[in-house]
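Engineer: I have a structure here, written as structure tokens, and I will follow up with some questions on it.
Nothing in this text is a laboratory measurement; each read-out follows from the coordinates by a stated rule. Owing to the predicted nature of the structure, the values given are computational and were not obtained by experimental measurement. Cβ placement follows ideal geometry from the backbone for every residue including glycine, while neighbour counts extend to all protein chains displayed.
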Amino acid sequence: MVDVSQHELVPEHTVLEEESLEEVLEEYNIDRTDLPKIKRTDAALPDEAEVGDVIEIVRDSRTTEQAVVYRLVVE
């Protein structure tokens, strides 16, 4: 069986620590529930991700070297 999360085309997904999350929410002046959602069953999520966690996704970008996006894990 192939581990999709380790595929070279899947960007890095990490669970955001609570301290870092507070900084992000404050910077963008949003609540956790305002973030785009990602399902807990998504194969790219780290095994330790739980419903309510926020995932930081770091993607390659054509205009900048990296683009960072955040997703709220939902059922």
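Engineer: For the stretch 42-73, run through the trypsin sites (Lys or Arg not before Pro) and keep only the ones in DSSP coil with at most 15 other Cβ atoms within 10 Å of their Cβ. Working shown, then result.
Structural biologist: Details: sites: Arg59, Arg62, Arg71; in loops: Arg62.
Sites meeting the loop and neighbour criteria: Arg62.
Engineer: Only loop residues by DSSP count here, and only those with at most 10 other Cβ atoms within 10 Å; note down the GluC sites (Glu not before Pro) in the stretch 7-49 that meet that. Write down the numbers at each step before the final one.
Structural biologist: Details: sites: Glu8, Glu12, Glu17, Glu18, Glu19, Glu22, Glu23, Glu26, Glu27, Glu48; in loops: Glu8, Glu17, Glu48.
In loop regions of the stretch 7-49 (DSSP not H, G, I, E or B), the sparsely surrounded GluC sites (Glu not before Pro) are Glu8, Glu48.
Engineer: Taking the square root of 5 times each eigenvalue of the Cα gyration tensor, what semi-axes in Å does the equivalent ellipsoid of the chain have, largest first?
Structural biologist: Numbers: eigenvalues 87, 58, 18 Å².
For the chain, the ellipsoid semi-axes come out as 21, 17, 9 Å.
Engineer: Out of the DSSP beta bridges found with both residues in the chain, what percent are antiparallel (nearest 5)?
Structural biologist: On the way: 11 of 14 bridges.
In the chain, DSSP labels about 80 percent of beta bridges as antiparallel.
Engineer: Count the net charge of all other residues whose Cβ sits under 15 Å from the Cβ of Glu8, scoring Lys and Arg as +1 and Asp and Glu as -1.
Structural biologist: On the way: positive: Arg59; negative: Asp3, Glu12, Asp60.
Local net charge: -2.
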